[in-house]
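These notes concern the structure reproduced below.
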Protein chains: 2
Amino acid sequence: MKVHHYQEVEAVEAAAGVRMHVVAGPREGAPNFIMRVFEIEPGSNTPFHQHDWEHEIFILEGPAAVRHKDGEILLKPGHVIFIPANEMHGIFNKGNQTVKLICVIPDVDKKGSATACCDTGAKGPA
Amino acid sequence: MKVHHYQEVEAVEAAAGVRMHVVAGPREGAPNFIMRVFEIEPGSNTPFHQHDWEHEIFILEGPAAVRHKDGEILLKPGHVIFIPANEMHGIFNKGNQTVKLICVIPDVDKKGSATACCDTGAKGPA
């Protein structure tokens, strides 16, 4: 098994004011899905976007909100969000402290590379 | 999307002193992997066992320890554990308060049923 603290895993900038720690994925030998920890600074958000894979999200520290095509839902620690593939979404910091959350995605390319989780281009990582 | 607080999801007893909330899985429409929140009471643990699927675990509240074939590793909040398939493991409460953790597994039966996550029999759920 592999054990580390999420803060020991170097973060990448997933968007302005958004850090992403890829804590369990191809590097650890994970074959099917990838766990990431996001830190979103006050005033920041993950892109409002969609892609052809799902998210399973757990809010560690808030308050935050998830935006969808019809509005927003407020979130506090312990809230869980399932976002199906091809559904618009973005996570917004709604307070004055760092929002922290876990976001799990399938290893969409199944190539064992980290590209599935670290693409900061048009499709975005979140 | 589906949003709920993990405490709104009724728990099942996964082992003595161990509650499991299945917070994102077939019921929410999740196609590939299942997120569960475990609460382990002081003096309790998940079974020391193995199975042919992996775990990705995030410690929410501790202190805890993961047991492996050669010993134990102490864990605090923010620790991440990747446990490959077919490796012996168990999570132990090492303190005086409830240990909380997230444990994600693949939807091993791919049948859309909850059996993969709620089997409390010999193979255990954890």
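Values quoted throughout were computed directly from the atomic coordinates according to the rules given, and no laboratory measurement underlies them. Not measured: the values here are computed from a predicted model. No Cβ is skipped: glycine too gets one built from the backbone with ideal geometry, and neighbour counts run over all protein chains shown.
Using the Stokes-Einstein relation with a Kirkwood hydrodynamic radius computed over Cα pairs, the translational diffusion coefficient of segment A:29-86 at 4 °C and a viscosity of 1.567 mPa s comes to 101 µm²/s. Here the Karplus relation 6.51 cos²θ - 1.76 cosθ + 1.60, evaluated at θ = phi - 60°, turns the backbone of segment B:71-86 into coupling constants of x, 9, 10, 6, 10, 10, x, x, 6, 10, 10, 9, 10, x, 4, 6 Hz, with x for every Gly and Pro. Checking every one of the trypsin sites (Lys or Arg not before Pro) in segment A:1-92 against DSSP loop status and a limit of 12 other Cβ atoms within 10 Å picks out A:K69.
Modelled this way, with points 7 Å down the Cα-to-C-beta line, the labels at B:L74 and B:N96 are 1.6 nm from one another.
Spread over its residues, the convex hull of the C-alpha atoms of chain A is 99 Å³ per residue. Amide H contacts for B:A24 (H built 1.01 Å from N in the peptide plane; partners 5 or more residues away or on another chain; cut-off under 5 Å): B:M35.
Sorted shortest first, the separations between the B:I73 label point and its copies elsewhere in the assembly read 3.3 nm; each point sits 7 Å from Cα along the Cα-to-Cβ line. The orientation-averaged shadow of the Cα convex hull for the protein assembly as shown, equal to a quarter of the hull surface, comes to 12.5 nm². For B:A11, the point set 7 Å out from Cα toward Cβ sits 3.0 nm from its twins in the other copies, listed from shortest up.
With bins 10 Å wide beginning at 0, the percent of Cα pairs of segment A:1-68 falling in each bin runs 17, 49, 29, 4.
Per residue, chain B reaches -500 deg cm²/dmol at 222 nm when only DSSP H runs of four or more residues are counted, each adding -39500 (n - 2.57).
Residues whose amide H lies under 5 Å from that of B:S44, counting only those 5 or more places away or on a different chain, are B:N93; hydrogens are built 1.01 Å from N in the peptide plane. Per-residue mean of foreign Cβ neighbours for A:15-27 is 2 (Cβ atoms of other chains, 10 Å radius). Counting lysine pairs in chain A whose alpha carbons fall under 19 angstrom apart, excluding pairs fewer than 8 residues apart on the same chain, gives 6. Evaluate E = 1/(1 + (r/R0)^6) for A:A11 and B:H4, where r is the Cβ-Cβ distance and R0 equals 25 Å; express this FRET efficiency to the nearest 0.05. Plugging the Cβ-Cβ distance into 1/(1 + (r/R0)^6) gives 0.30.
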